[in-house]
Amino acid sequence: MNNHLSAEYSSADKVVSVCIVVLNWNGWKDTIECLQSLSELAGENYSVVVVDNASTDGSREKLLAWASGAESHLRFTAVVEEVDIDHWCVPLRDTEWVYVQSSVNGGFAAGNNLGIRLAMQAGCQYVWLLNNDTVVASQALVALEQYVAKNPDIGMCGSILCYYNDRAVVQAVGGVRFNYWLARGEQLGHGLLLDDARVRNLVQQAPTYVAGASLFMPVGFLQDIGLMEESYFLYFEEMDWAVRAAGKWKIATAVDSIVYHKEGASIGTASRGKRSVLSQYYLNRNLIRFYALRKRWLLPVAVIRVMRDVIKHTVYRDFKLLNATTKALTDGILMRGGPKGL
């Protein structure tokens, strides 16, 4: 374990308030751009933990080489293997960068949970989950932290997500409003211009769940509700969290926190384009899984919703998506599947 020695710290060292967790999987170029934007955040009192989810594209070498190169003023002060997370016993310092290597690709929740566990071990007050395919505005973190600090009953807080390639256009105001009776969600404010007055009005409406592209939480929420459910592998983790927290913690959006999102560049999840096979499978399998775990009395609604997708892809003769959806239907009902299921 390449870790800190406690002797490196003095009484003057301040435990950071916020740990930013960035999950990388075969996306080192996006991750580097994200980290560069984080280095320009307003204020201090934050650290960054980059978790690599067992990438196969040389991400570890690329990221460590970039951080130690002349073109970067950033440095990873520790490289930690997954098995050593629970042995982390020192606080994180202002603007400190830590690299964590996962031994397997356990999915979105499992990878982020590694970073969350380290943050909690280090004594941080808040955790900010941030997709690696994002770039943040300089005030994004300050706005989140100040808003949640003033409202301690907030457990999950989102940002205004805008399109990376069209930064005046909103992708989502915080997250998604989900209709459990229709098994369908819509991104709040999707397509509005950022300066549209309706955006600020939508901030007053709590989403059903905060989008994981930018999700800010107090550690108290994590201690109370627990970590993300890892059995989904991809999608529905945030909504699962929100349902588990219902009645205990509020969900909100910090209007002055702006994050620019490339929309799942590594797995083809862009809402403006055709869905990838991987995305199609997990969205449908996990719709059924979520209902089975958290809304069991409405499980038929989810099954019917997926069956409609099967019919649609049959009619349009899109056999790749048809096969993925059919498998998702079967695996969802039987509560099986995962990264080896495709």
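The values are calculated or read from the model by the stated rules, or taken from the named source; none is laboratory data. This is a predicted model, so every value here is computed, not measured. Glycine gets a Cβ as well: all are built from the backbone with ideal geometry, and neighbour counts include every protein chain shown. Protein only, heavy atoms only, side chains kept; ligands, DNA and RNA dropped before computing areas. Shrake-Rupley method; radii C 1.70, N 1.55, O 1.52, S 1.80 Å.
Looking at PHE216, PHE221, just one residue is among the aromatic types (Phe, Trp, Tyr), open to solvent by less than 10 Å² (accessible area, probe 1.4 Å) and out of contact with any Gly (no Cβ under 7 Å at 6 or more places or on another chain), and that residue is PHE216. Within segment 143-163, the set of residues being open to solvent by less than 50 Å² (accessible area, probe 1.4 Å) and among the aromatic types (Phe, Trp, Tyr) comprises TYR163 only. Being touching a residue at least 40 places away in the same chain (Cβ under 8 Å), open to solvent by 60 Å² or more (accessible area, probe 1.4 Å) and part of a helix (DSSP H, G or I) is the filter here, so list the residues in segment 54-107 that pass it. Listed by number, the residues that qualify are ARG60, HIS87.
Restricting the search to strands (runs of 3 or more DSSP E) fully inside segment 131-181 and requiring at least 3 residues that are closer than 15 Å to ALA213 by Cβ gives 134-136, 154-163, 166-173. Figure legend. Inter-residue proximity from segment 207-224: first residues in a helix (DSSP H, G or I), second residues modelled with pLDDT of 95 or more and surrounded by 22 or more Cβ atoms within 10 Å (Cβ to Cβ), beta-carbon distance below 6 Å, spacing 6+ or different chains. Indicated pairs: PHE221/GLY155. Condition check for ARG198 on (1) in contact with a strand residue (DSSP E or B) (Cβ under 8 Å, 6 or more places away or on another chain); (2) free of Cβ contacts under 8 Å to residues at least 60 places away in the same chain; (3) in a helix (DSSP H, G or I): one failure, at (1). Here is the figure for segment 82-107: residues that are closer than 19 Å to TRP28 by Cα, among the aliphatic types (A, V, I, L, M) and touching a helix residue (DSSP H, G or I) at 6+ places or on another chain (Cβ under 6 Å) total 1. Restricted to segment 224-258, and to residues there that are farther than 26 Å from ARG167 by Cα and of a type in the set (Gly, Ala, Ser), the residue that is most open to solvent (accessible area, probe 1.4 Å) is GLY247.
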